[in-house]
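The values are calculated or read from the model by the stated rules, or taken from the named source; none is laboratory data. Just so it is clear, the structure is predicted and the values come from calculations on it, not from any experiment. Because the Cβ atoms are built from the backbone with ideal geometry, glycine has one as well, and the counts that use them run over all protein chains shown. Accessible surface areas use protein heavy atoms only, side chains included; no ligands, DNA or RNA. Shrake-Rupley method; radii C 1.70, N 1.55, O 1.52, S 1.80 Å.
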Amino acid sequence: MLDDARITRYAVPLREGGSLPGVVEADDCGTYVAKFRGAGQGLKVLVAEVIVAGVAARLGIRVPRLAVLDLSRDIARYEADEEVQDLLTASVGTNLGVDFLPGAFGYDGSRPAGRAEAEAIVWLDAFTANVDRTWANPNLLVWHGDLWAIDHGAALYVHHAWPRRAPDPAAFAAQPFASADHALRERCVSLREVDSRATEILTADTLVAIVDEVPESWLETTGALPTPNDVRQAYVDLLLARLAGDRPWLPEDLR
Ligand SMILES: Nc1ncnc2c1ncn2[C@@H]1O[C@H](COP(=O)(O)OP(=O)(O)OP(=O)(O)O)[C@@H](O)[C@H]1O
Ligand SMILES: [Mg+2]
């Protein structure tokens with residue numbers, strides 16, 4: 001389970017982030033980048049963050065520790081910046097905390113990533129349909145000389161259709177991944193090795209455990225998915241379907 005903490009102070013907005021994440025302090029003495037439930041596309045983005053970070057961690061990819069952060073009405077009320085105040089007011093309750101990596105800087109390729117870690121990250125993004133790791137927005141940080149993957153809210157985007165359409169794991173399994181613009185594409189030789197390793201690691205039980213880390217109140221039920229457990233199962237089925245087939249989603253020249 002993810003750790004829980006209460007936000008004690010809103011420090012500063014991270015204006016480079018499209019969803020207006022903010023640096024906050026919490027009562028566990030932690031400093032976090034908070035991703036707010038009231039931002040743009042709502043709770044599904046937070047769900048994707050938890051699931052994809054869970055997969056990444058199992059594959060040995062460095063991702064900051066995640067926590068569930070409770071935001072009280074008082075912190076929202078005393079925020080002076082009007083745009084931030086609106087966001088905080090819409091986000092009272094549980095939000096996602098991403099452990100803040102102080103002094104980290106954005107990956108720019110000047111010290112190229114190692115082959116194995118690049119291949120693992122490209123595989124992760126292909127597997128979870130994460131289109132948000134291009135040179136325009138690499139979402140990779142360098143901290144203490146190591147590469148860290150952040151910002152997985154755009155992955156698993158098929159779930160945004162669920163309010164209107166029932167999940168379709170077979171369609172997701174067949175969906176190709178466009179890797180041409182991926183920031184680590186040029187560092188990869190073949191994804192075969194990471195693919196077989198990942199297939200061994202990501203058993204059905206492991207995927208269930210990963211999806212179980214999502215707080216229940218973030219799971220939006222629909223007509224086709226009437227309970228939070230149905231929503232959890234839908235995520236597990238999506239990922240299992242993607243692993244079961246012959247990988248039409250892996251870039252052809254890296255298979
Ligand atoms: N854990 C972290 N430690 C340090 N800095 C971070 C961390 N997470 C994010 N940042 C910084 O904040 C920026 C915005 O974060 P992030 O990309 O997660 O937000 P977003 O709103 O999803 O952004 P985007 O516009 O890419 O969709 C990052 O590019 C990075 O510079
Ligand atoms: Mg980003």
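A few comments on the model shown:
- Largest GNM mean-square fluctuation across Gly40, Gly97, Gly22, computed for the chain with C-alpha springs under 10 Å, falls on Gly40.
- Taken about its Cα centre, the chain carries a charge dipole of roughly 400 debye when the Cβ of each Lys and Arg holds +1 and the Cβ of each Asp and Glu holds -1.
- In this structure Trp148 has an accessible area near 40 Å², from a 1.4 Å probe over the protein heavy atoms.
- Rounded FRET efficiency, nearest 0.05, which uses the C-beta distance separating Gln175 from His144 and R0 of 45 Å: 0.80
- For q = 0.12, 0.15, 0.20 Å⁻¹, Debye-computed log10 I/I(0) when each Cα of the range 102-246 counts as one equal scatterer: -0.56, -0.84, -1.28
- Cα-projected label distance for Arg15 with Ser110, points at 7 Å along beta-carbon direction, nm: 2.3 nm
- Local net charge near Glu186, Cβ-Cβ under 15 Å (Lys/Arg +1, Asp/Glu -1): -1
- Mean Cβ neighbour count within 10 Å, used as a protection proxy, ranking 50-59, 28-37 highest first: 50-59, 28-37
- Structure-based [θ]222 nm, the chain - -39500 (n - 2.57) summed over DSSP H runs of at least 4, per residue, nearest 500: -10000 deg cm²/dmol
- Across Thr128, Thr134, the residue with the most accessible area heads the list, and the full order at a 1.4 Å probe is Thr134, Thr128.
- Pairwise FRET efficiency - Glu220 versus Val23, Cβ, R0 = 30 Å, nearest 0.05: 0.65
- Its alpha carbons give the range 171-255 an Rg and a Dmax of 15.3, 44 Å.
- Computed over protein heavy atoms with a 1.4 Å probe, the carbon and sulfur contribution to the accessible area of the chain reaches 50%.
- Gap separating the Cα centres of the range 4-19 and the range 104-164, nearest whole Å: 21 Å
- Residue (of Asn130, Trp148, Pro215) at the positive-pole extreme of the chain, dipole from beta-carbon charges: Asn130
- Percentage relative contact order, the chain, counting C-alpha pairs under 8 Å, at least six apart: 21 percent
- Accessible area expressed per residue, the chain, with surrounding protein chains retained (probe 1.4 Å, Å²): 46 Å²
- Placing a pseudo-label 7 Å from each Cα along the Cα-to-Cβ vector at Gln233 and Glu82 gives an inter-label distance of 4.8 nm.
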